[in-house]
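Asker: Take this structure, written in structure tokens, and hold onto it; I'll ask about it next.
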Amino acid sequence: MRTLVTGADGLLGSHIVRALLGAGQQVRALVQPGAAAPTLEGLEIERVDGDLLDPASLATAVAGCERVVHAAAITDVGASRELTFRVNVEGTRHLVDASLDAGVARLVFVSSASAHAPGTLEAPGDEASPFPDAHRGLAYAESKHAAAELVRAAVRDRGLDAVIVAPTFMLGDHDWRPSSGEMLRQYLERGVPAVPPGGRNFANAADVAAGIVAAAERGERGETYLLGGENLPYAAFFDEVARAACAPPPRWVLPKPVMLGVGAVGSLLGALRPGHPPQLDLRLARVATLEAYYSSAKAERELAYVRTPIALGIASELGALRRFGHLGDPHAEDLEGQVALVTGASRGVGLATARELSRRGAKVVMTARGADRLNASADLLSRLGGDVRAVVGDVALWEDAERMVQTAIDAFGRLDIVVNNAGVSMRGEFGDLSPEVCKDTIGTNLLGSVYVTRAATAHLAESRGHVVFISSIAGLLGLPSASTYCASKTALTGLAESLRLELGPRGVHVGVVHLGFTEHDPDKRILAADGELVLPDRPAHVTQADAARAIVRLVMRRSRRTVMTPVGKLAWLAHQLSPVAVEWAITQARSGRWGTYEKFS
């Protein structure tokens, strides 16, 4: 089976090519004459040069192909309306003619979800939705709608076997120009503190490519399949982008009138400067204020379409932007050549720290007890461009601790940084604690840090490296209903002070970070007195990214101690000045209307 793919070097096209190759098919890739096509290098494909506006070149490209996937299009909103319609509509007409003349068995036309009216989270748009009034005047959306109608007419009147797919906003690897990634690049490089009030559907390009291959195989002739991902408000989406890029999250959501006002100014400037279209005009501003949500239920039902988390697409997109030189990072070489081991790295502060170390150029060994989540987190960092290894194990077991350290040595030949982050939280009255909770808390928090550090000591001395213990405000002052947790975290301070005296003369830096209350992963749990898992219920004073930056800053400055958050510093200072007063205040709080668990968990 030979398939022609137009636009094969683009974000979606390069994923389609790889999906077809993965399915065992032969691929002929149509690219613009003279195009560099870096995303196709090294692939076993047949490249042909051609142009959608040159029917003769299309006839040559289609000859001998059983299927055609038409993904080429002008997607730039800044392109002229005339060029957009010529390529997207007339180019599609030429390809339909060439496919019919060559007797192609099936054409898959890549339209766009923007050719269908969006909906809300409760009632998302689908294939039956008509062209939206909000998209009138937008050349890309109108041209995709017109091209899809042209394909439907050819199916109805000329016997063409074709299927239409309508992807939503895509992110992924191989975005070398960039296309969709330009939105992420501008957000990160400009440090934009505000985001639009609307939302949209975000899809992984790899998922869409797999859906297109499925549509070619078993899609119903003449049918349209909407291929999407996650419906997210822009605030939630850019929060995920910021987390992946180790950047500050958005601070505000622009009110709709402000967004429209900015768009109106853009339209005015565009009118005053012909030939210099604004990046945001009133039409685009109106679209950005909408809830542009879609459903892929039909594709999931008929094509077995699978949607993966958009976090994977974001990570792949950021990795591509950096790899192709579109997204710089002034800190990308801070830790170049160094190797870090982070325990408890599958989520939360551990994952954020591994991400921050990787962003700054370090190679990272990530460890955790749960294989599935650890491997998924390691894959996320790899997509971002990191060089990572994942080791499943329990830091409280000496054999596992040795294996974690040895993995770093075997993979990278050295070890420079150890971040002892793995930990277990507990809440419960001391008299009610089960022995298992005591053992698990102290075993992971204290013994786990001891074992990993002991296994790494010789290597850290050789590299004159760093060992960091992640403690807590509970390691500075006692808190009720957290006895063994406080004991284990306080012990880390003593361990650090002792190791500083022993290892400092050998060039090893030893530091402690006392975290405040950090934001949680939704599925984080805390051990109750009887060992049951309970949800945390307390305020968050610091983000995971903030904590990660503080940890890496301590490493780079070779600092002894960092106490995070004003609340943490105030509590520590007050306890140093008057422990009796602090204990009285805590006792009063416990006996008040908040109750023990609500106050201290």
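Bear in mind that the values in this text are calculations on the coordinates, not laboratory data. Small disclaimer: the values here were computed from a predicted structure and weren't measured. Cβ placement follows ideal geometry from the backbone for every residue including glycine, while neighbour counts extend to all protein chains displayed.
Asker: If you average the C-alpha positions of region 288-322 and of region 207-250 separately, how far apart do those two centres end up, in angstrom?
Answerer: 1
Asker: Ok, one more. Which links in 363/489; 439/489; 439/569 stretch past 23 Å when you go from one Cα to the other?
Answerer: 363/489; 439/569
Asker: Same structure again: Which aspartates and glutamates does residue 298 reach when only Cα atoms under 13 Å apart count, and residues fewer than 8 places away in its own chain are ignored?
Answerer: In chain and number order, the partners are 126, 127, 220, 223.
Asker: Restricting things to alpha carbons, find the Rg to Rh ratio for region 329-565 using the Kirkwood radius for Rh.
Answerer: 0.94
Asker: Please report the antiparallel percentage of DSSP beta bridges with both residues in the chain, rounded to the nearest 5.
Answerer: 10
Asker: Next up: How high is the relative contact order of the chain, in percent, counting Cα pairs under 8 Å that sit 6 or more residues apart?
Answerer: 9
Asker: Quick one: Cα convex hull volume of region 426-473, Å³ per residue?
Answerer: Value for region 426-473: 71 Å³ per residue.
Asker: Fully extended, how many nm does the chain gain between residue 577 and residue 323 (0.36 nm per residue separation, minus their Cα-Cα distance)?
Answerer: Numbers: separation 254, 0.36 × 254 = 91.44 nm, distance 5.21 nm.
Length gained, residue 577 through residue 323: 86.2 nm.
Asker: Also: With Cα extents along the principal axes in Å in mind, check (1) 86, 53, 47; (2) 99, 80, 47; (3) 72, 64, 48 and report the label derived from this structure.
Answerer: Checking each listed value against the structure points to (1).
Asker: Sticking with this structure for a sec: Restricting the count to DSSP beta bridges whose residues both fall in region 122-273, what percent are antiparallel, rounded to a multiple of 5?
Answerer: Restricted to region 122-273, the bridges split so that about 30 percent are antiparallel.
Asker: Under a point spin-label approximation (7 Å from Cα along Cα-to-Cβ), what is the residue 506-residue 81 distance to one decimal in nm?
Answerer: Label-label distance for residue 506 and residue 81, simple model: 7.4 nm.
Asker: Report the paramagnetic label zone for residue 559: residues of region 334-361 whose backbone N is under 14 Å from a point 7 Å from Cα along the Cα-to-Cβ axis.
Answerer: none
Asker: Further, regarding this structure: Below 8 Å between Cα atoms, with a sequence gap of 6+, how large is the relative contact order for region 329-565 in percent?
Answerer: 19
Asker: Per q in 0.23 1/Å, what log10 I(q)/I(0) does a Debye calculation on the alpha-carbon atoms of region 354-475 return?
Answerer: The computed values of log10 I(q)/I(0) come out as -1.41.
Asker: Run the simple label-point estimate for residue 272 and residue 25 please: 7 Å along Cα→C-beta, distance reported in nm.
Answerer: Roughly 5.1 nm, to one decimal.
Asker: Give me a comma-separated list of calculated 3J(HN,Hα) values for region 134-140, in order, Karplus coefficients 6.51, -1.76, 1.60 applied at θ = phi - 60°, integers in Hz, x for any Gly or Pro.
Answerer: These are the phi-based 3J(HN,Hα) values: 5, 9, 5, x, 8, 4, 4 Hz.
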